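A short reminder: the numbers here are calculations on the coordinates, not readings from a lab. Just so it is clear, the model here is predicted, and its values are computed rather than measured. Reconstructed Cβ throughout: ideal geometry from the backbone, glycine too, with neighbour counts over all protein chains shown.
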């Protein structure tokens, strides 16, 4: 990214809004925006193989692996406004697994780009499919889009839900249902483990 060109573009944008780009609060805004955009679109410059960094392991394990509640932030390619939420990823290993910490990093690679939620969901699923060759992959993304909250329809409580199901997750209804049921489990566990609901528990989080 050419930061000088970005800064110049932001200066023009500020002028077009009727603002004084030279006033105290805005004089460094073009520089700040350039740095911010470099970070928010850093996924373009990341290499998938480097991100996975050899963290693929042969293992005798064929049950479902799930990493849930992966926070992500992205920019809508239509309005350059943020959308953000959580990503839930599952796969059924064939003979290899990937280090768990690499899965959130993979989400960052694709979310730190100009995106739409549907493409983001499919890209994550397809990379896991192409890298691990598992029996199946399931990805669910839930997100709030500021382009729907701040402008347009202005629906404050709306959110979008997308999914990508490959292999056994697409072809086997039981596998798909197990994944979707397990996504609900964490909320149930949090509620069940609330200290206030445990015998001898109290609201301050300590057991008496």
Next on the checklist: To test your reading of the geometry: what angle, between 0 and 90 degrees and rounded to tens, separates the Cα axis of helix 117-132 from the longest principal axis of the chain?
Outcome noted: 50
Checklist outcome for this item: the chain, Gaussian network, Cα under 10 Å: of 15, 160, 90, the residue fluctuating most is 15
Checklist entry - Does region 42-178 come out rounded, prolate or oblate by the C-alpha gyration tensor, with a ≥ b ≥ c the root eigenvalues, rounded set by a/c under 1.5 and, if not, prolate when a/b is larger than b/c and oblate if not? => result oblate
Checklist entry - In deg cm²/dmol and to the nearest 500, what is the mean residue ellipticity at 222 nm of the chain if only DSSP H runs of at least 4 residues count, each as -39500 (n - 2.57), divided by the residue total? => result -12000 deg cm²/dmol
Next on the checklist: Residues of region 103-143 with backbone nitrogen within less than 16 Å of a virtual label 7 Å along the Cα-to-Cβ line of residue 58, please, listed as ranges.
Outcome noted: 132-133
Next on the checklist: With angles folded into 0 to 90 degrees, how steeply does helix 3-16 sit against the dominant principal axis of the chain? Use alpha carbons for both and round to 10.
Outcome noted: 70
Checklist entry - Given the Cα-Cα distance of residue 131 and residue 116 and 0.36 nm per residue of separation, how much length would full extension add, in nm? => result 3.1 nm
Checklist entry - By how many nm would the segment from residue 9 to residue 36 grow when fully extended, if each residue of separation counts as 0.36 nm and the alpha-carbon distance is taken off? => result 8.3 nm
Checklist entry - How do 110-120, 142-152, 38-48 rank on mean C-beta neighbours within 10 Å, highest first? => result 110-120, 142-152, 38-48
Checklist entry - Against the longest principal axis of the chain, how steep is helix 102-111, in degrees 0 to 90 to the nearest 10, with axes from Cα atoms? => result 40
Item to check | Gaussian network model of the chain, Cα within-10 Å springs - most flexible of 141, 107, 65 | outcome: 65
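Residue 142 to residue 95: FRET efficiency via 1/(1 + (r/R0)^6), r the Cβ-Cβ distance, R0 35 Å, to the nearest 0.05? Mind showing how you got there, number by number?
Working: r = 31 Å, r/R0 = 0.89.
FRET efficiency, residue 142 to residue 95: 0.65.
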